[in-house]
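Here is the structure we will look at.
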Amino acid sequence: IPATNNLSFNNSSFSYSLAFSIPNWTFTSERIVLEYGYAGYQGYYQITFYPNETTFRTMGVGGYNTWFDTTVNFTANQNYIVTLTYSLETSSAKLYINGVLVNSGSINGTSQPTPQILYIYSRGGGGIFQKGNLYNILAYNIALSSSQVSQNYNALKGRFGLS
(Lines give C-alpha, C1' and ligand atoms only; values in the text may rest on other atoms or scores of the structure.)
Protein backbone atom coordinates (compact mmCIF):
# COMPACT_ATOMS: atom_id res chain seq x y z
CA ILE A 1 0.00 0.00 0.00
CA PRO A 2 1.52 3.37 -0.88
CA ALA A 3 2.48 5.47 2.16
CA THR A 4 -0.04 8.15 1.10
CA ASN A 5 -2.97 5.70 0.93
CA ASN A 6 -5.44 5.98 3.80
CA LEU A 7 -6.72 2.40 3.35
CA SER A 8 -9.86 3.59 1.54
CA PHE A 9 -9.24 2.09 -1.86
CA ASN A 10 -11.08 4.54 -4.07
CA ASN A 11 -12.37 3.06 -7.34
CA SER A 12 -10.30 -0.10 -6.99
CA SER A 13 -10.46 -3.68 -5.86
CA PHE A 14 -9.86 -4.23 -2.15
CA SER A 15 -9.89 -6.69 0.72
CA TYR A 16 -10.28 -6.04 4.43
CA SER A 17 -9.77 -8.63 7.12
CA LEU A 18 -10.61 -7.85 10.73
CA ALA A 19 -10.03 -9.98 13.82
CA PHE A 20 -12.46 -8.99 16.57
CA SER A 21 -14.95 -10.01 19.22
CA ILE A 22 -18.17 -8.29 20.24
CA PRO A 23 -19.58 -8.07 23.77
CA ASN A 24 -23.02 -9.18 24.86
CA TRP A 25 -24.84 -5.83 24.74
CA THR A 26 -28.12 -4.32 23.60
CA PHE A 27 -28.21 -1.45 21.11
CA THR A 28 -31.03 0.34 19.31
CA SER A 29 -29.49 1.35 15.99
CA GLU A 30 -26.88 0.06 13.58
CA ARG A 31 -23.28 -0.34 14.74
CA ILE A 32 -20.48 0.35 12.29
CA VAL A 33 -17.52 -2.02 12.08
CA LEU A 34 -15.97 -0.44 8.96
CA GLU A 35 -17.35 2.26 6.68
CA TYR A 36 -16.06 4.20 3.70
CA GLY A 37 -18.02 7.01 2.12
CA TYR A 38 -18.78 10.67 1.70
CA ALA A 39 -18.55 12.40 5.09
CA GLY A 40 -18.45 8.98 6.73
CA TYR A 41 -21.87 7.86 5.58
CA GLN A 42 -23.64 7.10 2.29
CA GLY A 43 -22.42 3.52 2.66
CA TYR A 44 -20.22 3.19 -0.38
CA TYR A 45 -19.09 0.16 1.44
CA GLN A 46 -19.57 -0.85 5.00
CA ILE A 47 -19.63 -3.73 7.42
CA THR A 48 -22.42 -3.13 9.92
CA PHE A 49 -24.27 -4.92 12.71
CA TYR A 50 -28.00 -4.26 13.14
CA PRO A 51 -30.06 -4.37 16.36
CA ASN A 52 -32.34 -7.04 17.77
CA GLU A 53 -30.66 -9.70 15.71
CA THR A 54 -27.09 -10.69 15.20
CA THR A 55 -26.90 -9.66 11.58
CA PHE A 56 -23.76 -8.83 9.70
CA ARG A 57 -24.54 -6.48 6.82
CA THR A 58 -21.99 -5.68 4.18
CA MET A 59 -21.52 -3.59 1.09
CA GLY A 60 -23.81 -0.61 0.81
CA VAL A 61 -23.16 1.05 -2.54
CA GLY A 62 -24.15 4.56 -3.63
CA GLY A 63 -25.95 5.54 -0.46
CA TYR A 64 -27.74 2.37 0.59
CA ASN A 65 -29.09 1.57 -2.87
CA THR A 66 -27.62 -1.93 -3.07
CA TRP A 67 -26.93 -4.28 -0.19
CA PHE A 68 -24.90 -7.44 -0.04
CA ASP A 69 -26.56 -8.97 3.01
CA THR A 70 -25.44 -11.87 5.11
CA THR A 71 -27.10 -13.04 8.31
CA VAL A 72 -24.57 -14.52 10.70
CA ASN A 73 -25.16 -15.52 14.30
CA PHE A 74 -22.10 -14.22 16.14
CA THR A 75 -21.51 -15.40 19.69
CA ALA A 76 -20.67 -12.71 22.23
CA ASN A 77 -17.07 -12.64 23.47
CA GLN A 78 -15.89 -15.12 20.85
CA ASN A 79 -13.12 -14.17 18.42
CA TYR A 80 -13.74 -14.01 14.67
CA ILE A 81 -11.71 -13.20 11.59
CA VAL A 82 -13.97 -11.64 8.97
CA THR A 83 -12.72 -10.88 5.46
CA LEU A 84 -14.56 -8.84 2.83
CA THR A 85 -13.18 -8.84 -0.72
CA TYR A 86 -14.34 -6.77 -3.67
CA SER A 87 -13.16 -7.10 -7.28
CA LEU A 88 -13.76 -3.95 -9.31
CA GLU A 89 -12.98 -5.85 -12.52
CA THR A 90 -15.67 -8.51 -11.97
CA SER A 91 -18.01 -6.45 -9.72
CA SER A 92 -18.05 -9.28 -7.21
CA ALA A 93 -17.98 -9.23 -3.43
CA LYS A 94 -17.21 -12.13 -1.09
CA LEU A 95 -17.56 -12.41 2.67
CA TYR A 96 -15.53 -14.98 4.61
CA ILE A 97 -15.86 -15.78 8.31
CA ASN A 98 -13.00 -17.69 9.88
CA GLY A 99 -11.68 -18.57 6.44
CA VAL A 100 -15.00 -19.96 5.15
CA LEU A 101 -16.94 -18.27 2.33
CA VAL A 102 -20.41 -17.40 3.67
CA ASN A 103 -21.73 -15.19 0.86
CA SER A 104 -20.85 -13.82 -2.54
CA GLY A 105 -22.62 -11.63 -5.05
CA SER A 106 -22.42 -8.97 -7.73
CA ILE A 107 -22.06 -5.35 -6.69
CA ASN A 108 -21.65 -2.51 -9.18
CA GLY A 109 -19.39 0.36 -8.16
CA THR A 110 -17.88 1.11 -4.79
CA SER A 111 -17.21 4.78 -4.35
CA GLN A 112 -17.22 8.40 -5.39
CA PRO A 113 -14.72 9.47 -8.05
CA THR A 114 -12.69 11.30 -5.38
CA PRO A 115 -11.18 9.73 -2.26
CA GLN A 116 -13.31 9.67 0.86
CA ILE A 117 -12.57 8.63 4.45
CA LEU A 118 -12.39 5.16 5.95
CA TYR A 119 -13.83 4.82 9.47
CA ILE A 120 -13.33 1.81 11.70
CA TYR A 121 -15.73 1.13 14.60
CA SER A 122 -17.60 4.42 14.08
CA ARG A 123 -19.69 6.40 11.60
CA GLY A 124 -18.08 9.60 10.47
CA GLY A 125 -15.60 9.45 13.34
CA GLY A 126 -18.19 10.70 15.78
CA GLY A 127 -21.14 8.40 16.16
CA ILE A 128 -22.70 4.95 15.91
CA PHE A 129 -19.76 3.28 17.60
CA GLN A 130 -19.24 -0.48 17.72
CA LYS A 131 -18.21 -1.93 21.06
CA GLY A 132 -15.82 -4.81 21.35
CA ASN A 133 -12.23 -5.80 20.85
CA LEU A 134 -10.54 -5.12 17.54
CA TYR A 135 -7.32 -7.11 17.42
CA ASN A 136 -6.08 -6.93 13.88
CA ILE A 137 -6.82 -5.22 10.56
CA LEU A 138 -5.36 -6.32 7.23
CA ALA A 139 -6.03 -4.16 4.18
CA TYR A 140 -5.16 -4.91 0.56
CA ASN A 141 -5.64 -3.03 -2.69
CA ILE A 142 -6.60 -6.29 -4.45
CA ALA A 143 -9.44 -8.77 -4.10
CA LEU A 144 -7.82 -11.68 -2.28
CA SER A 145 -8.45 -15.13 -3.72
CA SER A 146 -10.07 -17.79 -1.52
CA SER A 147 -6.68 -19.49 -1.13
CA GLN A 148 -5.13 -16.20 0.04
CA VAL A 149 -7.97 -15.69 2.54
CA SER A 150 -7.45 -19.24 3.78
CA GLN A 151 -3.67 -18.71 4.02
CA ASN A 152 -4.17 -15.54 6.11
CA TYR A 153 -6.72 -17.25 8.35
CA ASN A 154 -4.45 -20.23 8.96
CA ALA A 155 -1.54 -17.91 9.77
CA LEU A 156 -3.59 -15.94 12.35
CA LYS A 157 -6.06 -18.42 13.85
CA GLY A 158 -3.75 -19.67 16.61
CA ARG A 159 -3.14 -16.11 17.78
CA PHE A 160 -6.90 -15.67 18.41
CA GLY A 161 -7.73 -19.14 19.74
CA LEU A 162 -9.52 -20.28 16.58
CA SER A 163 -9.33 -23.73 15.00
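Residues in region 7-32 that are closer than 23 Å to residue 149 by Cβ and either in a loop (DSSP other than H, G, I, E, B) or modelled with pLDDT under 70 (or both): 7, 8, 9, 10, 11, 12, 13, 22. Condition check: modelled with pLDDT under 80 and over 25 Å from residue 126 (Cα atoms). Does residue 65 satisfy that? No, not satisfied. Comparison of 108, 152, 77 shows that the only residue that is modelled with pLDDT under 85, polar (S, T, N, Q) and outside any strand (DSSP E or B) is 108. Here residue 143 fulfils each of the conditions (1) open to solvent by 30 Å² or more (accessible area, probe 1.4 Å); (2) more than 23 Å from residue 35 (Cβ to Cβ) apart from (2). For region 87-96, the criterion of being surrounded by 13 or more Cβ atoms within 10 Å (Cβ to Cβ), part of a loop (DSSP other than H, G, I, E, B), aliphatic (A, V, I, L, M) and modelled with pLDDT of 80 or more is met by at least one residue.
The values are calculated or read from the model by the stated rules, or taken from the named source; none is laboratory data. Worth saying up front: this structure is predicted, and the values here are computed from it rather than measured. No Cβ is skipped: glycine too gets one built from the backbone with ideal geometry, and neighbour counts run over all protein chains shown. Surface areas here come from the heavy atoms of the whole protein model, side chains and all, with no ligands, DNA or RNA. Shrake-Rupley method; radii C 1.70, N 1.55, O 1.52, S 1.80 Å.
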